[in-house]
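Chemist: The structure that follows is given in the form of structure tokens.
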Amino acid sequence: MTDLTTSVGSVVLRAPVMTASGASGHGAELAPYGRLGDLGAVVVKSLSDKPWPGNPAPRLHPLRDAAAGMINSVGLQGPGTESWLEQDLPALIDEGADVVASIWGDTVDGYRRAADSLAEAPPEVVAVEVNVSCPNTEDGMRMFAHSVEATTAALAATAGCGRPRWAKLSPNTPELVAVAEAAVDGGAEAVVLTNTLAGMVIDIDKRRPALGGLRGGVSGAALHPVAVRAVYDVCEALPEVPIVGVGGVARGADAVEMLQAGASAVQVGTAIFADPRAPWRVLAELREWCRQAGAQRIDELIGAAHG
């Protein structure tokens, strides 16, 4: 059997497959479909320090070729960190999950408040994913992750959470490597590549955008090659920075590709909407690929495409 243990910075994961933020709710919603403790971690939907209503409906729309994925404009709806700690986290812990809390803010101080509110979280919260791929109201609604300076400031503001931080970055910038370096400068132990690709779908019968939020983020198979390129580019430029790969991971082969591009672990997101058992299936297929390839340890794959 291949040893599937992997590390993302200082965080040791029992398996290299996690859920992706936004794909499986705030708590133990996936527990009926598999053992959460068999996954590397459950990454919960992004939380701010206060409840947030999100965008108007409709929020999700399949791409014209549904197999290519979907576009969403959920708008970071959430109950806030305080409610999550009290109402949702206990069930995750009871299911044996290691948990990565994802946080966001629309200002640097918003990130600080969200991070500080997690300072007393139990040890089962093994890391905090800092989602900087959201609008910065201090900078004219430009994404934090589209600015080197804003990314460093947001990450630096989250040190109060008292645990390892991973920066979730956007593919919608030509400065991705510089932004990844800025996240590390701000205190990130690792980067998560990538969030969704900016897009839009028009309802041609109604002659207007199909989403209530007008524009949205494309995820699923259509995003996968973009995400693999992002992982490869950052690994090539910053080989010492741990990477979590996310974007269109629906099969074991997708996970292998991400690992060979330079990721130490992967997250499964959009595939869960079609098949809630997808994370466990990806893990099983990855294990079988390793068996057939004769890989003894998962780290034999990490960065292998760089030669």
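The values are calculated or read from the model by the stated rules, or taken from the named source; none is laboratory data. The shown structure was predicted, so the numbers you read here are calculated from the model rather than taken from an experiment. Positions of Cβ are generated from backbone atoms using ideal geometry, with glycine treated the same way; all protein chains shown enter the neighbour counts. Accessible surface is based on the protein model in full, side chains and every heavy atom, while ligands, DNA and RNA are left aside. Shrake-Rupley method; radii C 1.70, N 1.55, O 1.52, S 1.80 Å.
Chemist: Any idea how far apart E240 and A119 come out in nm if each label point goes 7 Å out from Cα toward Cβ?
Modeler: Here the answer is 3.0 nm between the modelled labels.
Chemist: Still on this structure: Assuming R0 = 45 Å, can you tell me the calculated FRET efficiency for the pair A284 and T107, based on Cβ-Cβ distance, to the nearest 0.05? Walk me through the numbers before you get to the answer.
Modeler: Details: r = 42 Å, r/R0 = 0.94.
The formula returns an efficiency of 0.60 here.
Chemist: Would you mind calculating the relative contact order of the chain from Cα pairs under 8 angstrom and at least 6 residues apart, reporting the percent as a whole number? List each step's numbers first, then the result.
Modeler: On the way: 752 pairs, mean separation 63.1, N = 307.
This gives 21 percent for the chain.
Chemist: Take V249, V177 and sort them by solvent-accessible surface of the protein heavy atoms, 1.4 Å probe, largest at the top. Don't jump to the answer; show the numbers that get you there.
Modeler: Values: V249 5, V177 50 Å².
I get V177, V249, largest accessible area first.
Chemist: May I ask you to rank K45, K206, K168 by accessible area, largest first, using a 1.4 Å probe over the protein chains only?
Modeler: Working: K45 35, K206 125, K168 15 Å².
My answer, sorted largest first, is K206, K45, K168.
Chemist: I've got another one for you. For the range 61-184, what is the percent of antiparallel DSSP beta bridges, rounded to the nearest 5?
Modeler: Antiparallel bridges: around 30 percent, rounded to the nearest 5.
Chemist: Per DSSP H run of n ≥ 4, the term is -39500 (n - 2.57); total these for the chain, divide by its residue number, and report the mean residue ellipticity at 222 nm rounded to 500 deg cm²/dmol.
Modeler: Details: 9 runs with 85 residues, N = 307.
So the helix-based figure for the chain works out to -8000 deg cm²/dmol.
Chemist: What does the extension gain come out to for R207 and R229, with contour length at 0.36 nm per residue minus their alpha carbon separation?
Modeler: Full extension from R207 to R229 adds 4.5 nm.
Chemist: How do M18, M143 stack up against each other in accessible area, from largest to smallest, with a 1.4 angstrom probe?
Modeler: Details: M18 0, M143 50 Å².
Putting M18, M143 in descending order of accessible area: M143, M18.
Chemist: Something else about it: Give me the accessible area of L36, 1.4 Å probe, in Å² rounded to the nearest 10.
Modeler: So the heavy atoms of L36 present about 0 Å² to solvent.
Chemist: So how much accessible area does L60 have, in Å² to the nearest 10, using a 1.4 Å probe?
Modeler: 80
Chemist: Can you give me the accessible area per residue for the range 1-151, using a 1.4 Å probe, in Å²? Mind dumping the intermediate values first?
Modeler: On the way: 6210 Å² over 151 residues.
Accessible area per residue: 41 Å².
Chemist: Still on this structure: Roll a 1.4 angstrom probe over the protein heavy atoms and tell me the percent of accessible area of the range 125-244 that is carbon or sulfur. Write down the numbers at each step before the final one.
Modeler: Working: 2560 of 4760 Å².
Heavy-atom surface of the range 125-244 belonging to carbon and sulfur, 1.4 Å probe: 54 percent.
Chemist: Taking every DSSP beta bridge with both residues inside the range 121-241, roughly what % is antiparallel (nearest 5)? Intermediate results must be reported in sequence, preceding the final value.
Modeler: Values: 7 of 14 bridges.
The antiparallel proportion sits near 50 percent.
Chemist: Quick one: compute a quarter of the convex hull surface over the Cα atoms of the range 186-292 and quote it in nm².
Modeler: Averaging across all directions leaves 8.8 nm² for the Cα convex hull.
Chemist: Next up: Report, for the chain, the % of DSSP beta bridges that are antiparallel, rounded to 5.
Modeler: On the way: 17 of 43 bridges.
Beta bridges within the chain, antiparallel portion: roughly 40 percent.
Chemist: About its Cα centre, how strong a charge dipole does the chain have in debye, to the nearest 20, once Lys and Arg get +1 and Asp and Glu get -1 at the Cβ? Present the calculation step by step, with values, prior to reporting the outcome.
Modeler: Values: 23 positive and 36 negative charges, 183 e Å.
With Lys and Arg at +1 and Asp and Glu at -1, about 880 debye.
Chemist: Let me ask something else. Any chance you could look up the accessible area of E29 with a 1.4 Å probe, heavy atoms only, rounded to 10 Å²?
Modeler: Near enough 90 Å² of accessible area.
Chemist: Report the net charge of residues surrounding I202, where surrounding means a beta-carbon distance below 15 angstrom and charges are Lys +1, Arg +1, Asp -1, Glu -1. Don't skip to the end; give the middle numbers.
Modeler: Numbers: positive: R64, K206, R207, R208, R215; negative: D203, D205.
Combined, the nearby Lys, Arg, Asp and Glu give +3.
Chemist: Here's a follow-up. Which FRET efficiency value, to the nearest 0.05, is calculated for A305 and D275 with the Förster distance at 25 angstrom and r the Cβ-Cβ distance? All intermediate terms of the calculation are to be shown ahead of the outcome.
Modeler: On the way: r = 27 Å, r/R0 = 1.09.
Once the sixth-power term is evaluated, E becomes 0.35.
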